[in-house]
Amino acid sequence: MLVRSQGLADTMSRYLIRRIEDNPRIDLRSQTEITALEGSNHLDRVSWRDNVTGEVETRDIRHLFVMAGAIPNTHWLDGCIGLDVNGFIKTGPDLSLEDLDAARWPLARAPYLLETSLPGVFAVGDVRGGSLKRVASAVGEGSIAVAFVHRVLHE
């Protein structure tokens, strides 16, 4: 497990960190980042650099899971749709009357479950405030959002 920062403590619970550290099958390397992915029709090799020592290592690896971070990249939406204090997108019942007034919500109905403060614009997955931060949940939210998009298009 490669971690670009100095460790996991800033972004993960102590319980999960302990489980990772206690698992003999997990080699945790902090201050390390991927420098190359190699392969033609599939992933064959991964290279990474230890940012403390500068040492680069390459291993034959066929699968890679990337967690790009838990901080939403939504600054470009500020002023366009409602965001919470951490930058996550507010949707549905998480939008207060003040949020809707500030956004000049034009409809008589309240926003649908995954609808933002901009009518017809929906947010799902990790970027949504209050999400479970799990792939399966994001997929489910996406299918729900599609149903709401159809409803909005028929209004």
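Assorted remarks:
- Summed over segment 124-155, residues that are open to solvent by 60 Å² or more (accessible area, probe 1.4 Å) and among the acidic types (D, E) total 2.
- Number of the exception - P72 against (1) part of a loop (DSSP other than H, G, I, E, B); (2) over 19 Å from the mean Cα position of the chain (by Cα): (2)
- Among the candidates R19, R59, the residue that is within 30 Å of G130 (Cα to Cα), at pLDDT 90 or above, more than 21 Å from the chain's Cα centre (by Cα) and open to solvent by 60 Å² or more (accessible area, probe 1.4 Å) is uniquely R19.
- Filter result (in contact (Cβ under 8 Å) with a residue 40 or more places away in the chain and either open to solvent by 70 Å² or more (accessible area, probe 1.4 Å) or in contact with a Ser or Thr (Cβ under 9 Å, 6 or more places away or on another chain) (or both)) within segment 84-115: N86, F88, I89, Y112
- Positions within segment 104-131 being in contact with a Leu (Cβ under 7 Å, 6 or more places away or on another chain) and assigned to a loop (DSSP other than H, G, I, E, B), in sequence order: P111, S117, P119, A123, V124
- From the options V66, V52, residue that is open to solvent by 30 Å² or more (accessible area, probe 1.4 Å), at pLDDT below 95 and closer than 30 Å to A9 by Cβ: V66
- Residue among M12, M1 that is in contact with a helix residue (DSSP H, G or I) (Cβ under 9 Å, 6 or more places away or on another chain) and open to solvent by 90 Å² or more (accessible area, probe 1.4 Å): M1
- The test for being surrounded by 16 or more Cβ atoms within 10 Å (Cβ to Cβ), within 30 Å of I34 (Cα to Cα), out of contact with any strand residue (DSSP E or B) (no Cβ under 6 Å at 6 or more places or on another chain) and hydrophobic (A, V, I, L, M, F, W, C) holds for L77.
The values are calculated or read from the model by the stated rules, or taken from the named source; none is laboratory data. Quantities reported herein were computed from a predicted structural model and do not represent experimental measurements. Note: ideal-geometry Cβ built from the backbone for every residue, glycine included; neighbour counts use all protein chains shown. Note: areas computed on protein heavy atoms with side chains; ligands, DNA, RNA excluded. Shrake-Rupley method; radii C 1.70, N 1.55, O 1.52, S 1.80 Å.
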